[in-house]
Structures are given as C-alpha cells and as structure tokens.
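Reading through the structure tokens given below for one structure.
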Amino acid sequence: MARFVAAFIEGAQSEGVIATAKHFPGHGDTATDSHLGVAQVTGNLARLQSVELQPFRKAIEAGVDSVMIAHVSVPSLEPDPKRVATTSPAIVNDLLKTQLGFKGLVVTDALDMAGLTRLYAANIGRAAVQEGDMDRARTVLDKALALSPDLARAHFFYAKVMRADGNYEGAADHLRKVLTQYPRDRVALNDLGRILFLQRKYSEAVKVLESVLAIDPEDLQAHYNLMLCYNGLGDETKAKEHQARYLRFKADEAAQAITGPYRQLNPEDNNERQAIHEHVSVPLEVSKTGRSAEQSSARVRSAASLGASR
C-alpha cells in the first residue's frame with residue numbers, strides 16, 4: 001500500500017494538486033468511528049512502526065504537501081487519556097515533525113467530530129455559554145459530565161445554564177460540586193453567594209461571601225453582594241460598611257484603567273507601583289522621552305513619599 005500512496009502523491013502534486021496523507025498516525029485498526037466517539041489504536045509501538053506508520057513514511061519521502069491528524073487515542077504514543085493525536089505534542093511534534101521529518105502543512109480532521117468534542121465538551125460548553133446559546137451548552141455539558149461526572153469546569157458552566165433557566169437550586173448544587181474540589185475558588189464562591197442572594201437566603205449567602213473576603217479582602221463582587229445581603233437582613237450598618245469598601249476598591253480599579261495606557265507607554269514606571277515602599281528601582285536605560293532611570297525612580301519615590309504623608 002505504501003508504494004501506491006507514494007505513486008498517487010507524486011501524480012497528484014505533479015499536476016498542481018495538494019495531496020494530504022491521512023489519518024495520522026493511523027485509523028485503520030480501530031473499532032470506533034471517530035465521527036461518533038473516541039477511537040483507540042491499541043497496537044504496541046512495534047506494531048505502529050511496522051504497519052500504521054509505514055504509509056506515512058513513504059508519503060513524506062514522496063514529498064507530500066500535507067498530513068491530516070486523526071482524532072484517535074494512541075496509548076503507546078500518548079499515555080494521557082485526555083489527549084487524542086490531534087492535541088498531542090508527542091504525536092504531532094515529536095513523532096511527525098521530528099522523527100519522521102515532515103516539514104509541510106499539518107491539518108486536523110473536522111473539529112465537530114465526537115472523537116474530539118467528547119474530550120473537550122466542557123470547553124465547547126463554555127464557549128456556548130459565552131455566546132448565550134444555553135441549549136447547545138446544555139447538550140455538550142451533559143456529554144462532558146457523562147464522561148467525567150466530577151469535572152469541575154463542566155459543573156461550573158452548567159451552573160450558569162441552570163441560572164439562566166431560573167433553576168437557582170440546580171445552579172447552587174453544581175457550584176457546590178466545584179467547591180468540593182476547589183474550596184478557595186473565588187469565582188465559584190462569588191457565584192454561589194449571588195445565587196443564594198437571589199434565593200433570598202441572605203444568611204447563607206453572607207457566610208459564603210465572607211469566605212471570599214478571607215481569601216481576598218478587596219474582592220469587589222463579594223463586597224457588593226454582601227451590601228445587598230445585609231440590606232436584605234435589615235442590617236444597615238453592615239450594608240453601609242460593605243458599600244463603602246465596594247466604592248473604595250472600585251475607585252482603585254477605575255484608577256488602574258485610567259493609568260493603564262500611560263503604563264503601557266512607559267513600562268519603566270511599572271517597577272514601583274506600591275503606594276509606600278523603601279526599595280529603589282532597578283537600573284534602567286534612558287527611555288524614548290529622554291528621562292533616565294534614576295530620574296524616573298526619584299520621581300516615583302517622591303510620589304510614594306507624598307502618598308505616605310497623606
């Protein structure tokens with residue numbers, strides 16, 4: 001067969017047609033259609049070298065322009081069960097490009113095939129959620145959870161689908177499964193606190209949101225939702241306390257956005273951004289504006305001293 005492969009490639013490309021050798025590193029010895037599921041090439045390395053890879057060697061020797069990678073699992077080449085050949089550096093880079101010396105165009109099989117999407121359904125679900133396509137997100141996230149029932153990122157995005165449906169209890173359940181694995185995930189904690197607030201479970205929400213502040217005392221979202229929760233509980237003092245902190249930290253965040261363009265144009269001024277500090281700037285070359293590093297550092301130290309005296 002390898003001889004026929006080489007002959008076809010030479011004939012096609014001699015007439016200006018791009019030939020593609022597929023499906024690398026071999027798809028013949030599989031029991032699953034990769035359109036429908038994750039196919040696996042079970043042969044050992046000796047079998048692959050003597051059978052599956054032989055036609056590809058001849059194709060590369062014949063100067064084939066392109067090689068298509070298969071959505072197949074090849075344990076003898078890639079031990080990670082979450083990687084198919086398409087996403088495996090060991091197969092694409094080490095084997096195809098380095099060992100076999102292929103220098104041409106590398107392409108994938110169709111990206112909507114189940115051989116790929118079943119392994120990355122959570123990522124597709126995330127994209128669908130971000131696009132607002134909750135029906136599609138639900139479908140692919142169901143597949144992701146069928147394959148990996150404890151997959152945290154699938155539960156996280158499923159919570160967003162449940163919330164969009166108005167199923168707050170279902171959303172909270174999915175987020176709790178995330179937090180079982182990642183108890184200090186501020187994003188998941190904030191989402192759970194918000195859902196509990198929407199359910200008017202203010203006291204429960206406060207506990208969750210206070211745990212966010214134990215991780216990051218300046219978390220804007222936690223302070224905002226705590227303000228709302230304490231309003232719901234009728235605790236005006238606590239509500240105003242978190243409102244003040246929210247506005248304080250939000251002002252800092254706004255300042256970052258305002259100063260961002262300046263800092264991008266003057267990277268030397270990023271070295272010292274603390275309000276109060278005792279160290280000096282590292283030596284810097286003269287910037288395009290002609291200001292020396294020492295001048296820049298002195299100016300920053302003066303600003304820090306002024307800030308410290310306020």
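Scanning the range 54-75 for residues that are more than 22 Å from Gly16 (Cα to Cα), of a type outside the set (A, V, I, L, M, F, W, C) and buried (at least 19 other Cβ atoms within 10 Å of the Cβ) gives His71, Ser73. Here no helices (runs of 4 or more DSSP H) wholly within the range 121-202 include at least 3 residues being outside the structural domain of Gly37 (by TED's automatic domain parsing), closer than 26 Å to Ala239 by Cβ and of a type in the set (Phe, Trp, Tyr). Quick check on the range 111-125: of everything there that is closer than 20 Å to Ile69 by Cα and among the small types (Gly, Ala, Ser), which residue is surrounded by the most Cβ atoms within 10 Å (Cβ to Cβ)? Once the filter is applied, the top-ranked residue is Gly115. All conditions in (1) under 21 Å from the mean Cα position of the chain (by Cα); (2) closer than 21 Å to Gln40 by Cα; (3) crowded, with 19+ Cβ neighbours inside 10 Å; (4) not acidic (Asp, Glu) hold for Ala137, with the sole exception of (2).
Matching residues to (1) buried (at least 20 other Cβ atoms within 10 Å of the Cβ); (2) in contact (Cβ under 8 Å) with a residue 24 or more places away in the chain:
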residue: Val106; (1), (2): no, yes
residue: Asp109; (1), (2): yes, yes
residue: Ala127; (1), (2): no, no
residue: Ala146; (1), (2): no, no
residue: Arg153; (1), (2): no, yes
residue: Phe156; (1), (2): yes, yes
residue: Arg163; (1), (2): yes, yes
residue: Thr180; (1), (2): no, no
residue: Asp185; (1), (2): no, no
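Looking across the range 6-53 at every residue that is in a helix (DSSP H, G or I), within 39 Å of the chain's Cα centre (by Cα) and hydrophobic (A, V, I, L, M, F, W, C), the one that is surrounded by the fewest Cβ atoms within 10 Å (Cβ to Cβ) is identified as Ala46.
Screening Gly63 on (1) in contact with a strand residue (DSSP E or B) (Cβ under 9 Å, 6 or more places away or on another chain); (2) on the phi > 0 side of the Ramachandran plot shows it passes everything except condition (1).
Of everything in the range 85-104 that is among the aliphatic types (A, V, I, L, M) and in contact with a helix residue (DSSP H, G or I) (Cβ under 6 Å, 6 or more places away or on another chain), the residue that is surrounded by the most Cβ atoms within 10 Å (Cβ to Cβ) is Ala85. Inspect the range 90-106 for any residue being modelled with pLDDT of 90 or more and in a strand (DSSP E or B) and give the result as yes or no. Within the range 90-106 (the criterion being modelled with pLDDT of 90 or more and in a strand (DSSP E or B)), the answer is yes, since at least one residue qualifies.
Which residue out of Arg126, Arg194 is among the basic types (Lys, Arg) and under 16 Å from the mean Cα position of the chain (by Cα)? From the options Arg126, Arg194, the qualifying one is Arg126.
The values are calculated or read from the model by the stated rules, or taken from the named source; none is laboratory data. Keep in mind it's a predicted model, so treat the numbers as computed, not measured. We place every Cβ from the backbone using ideal geometry, glycine too, and count neighbours over all the protein chains shown.
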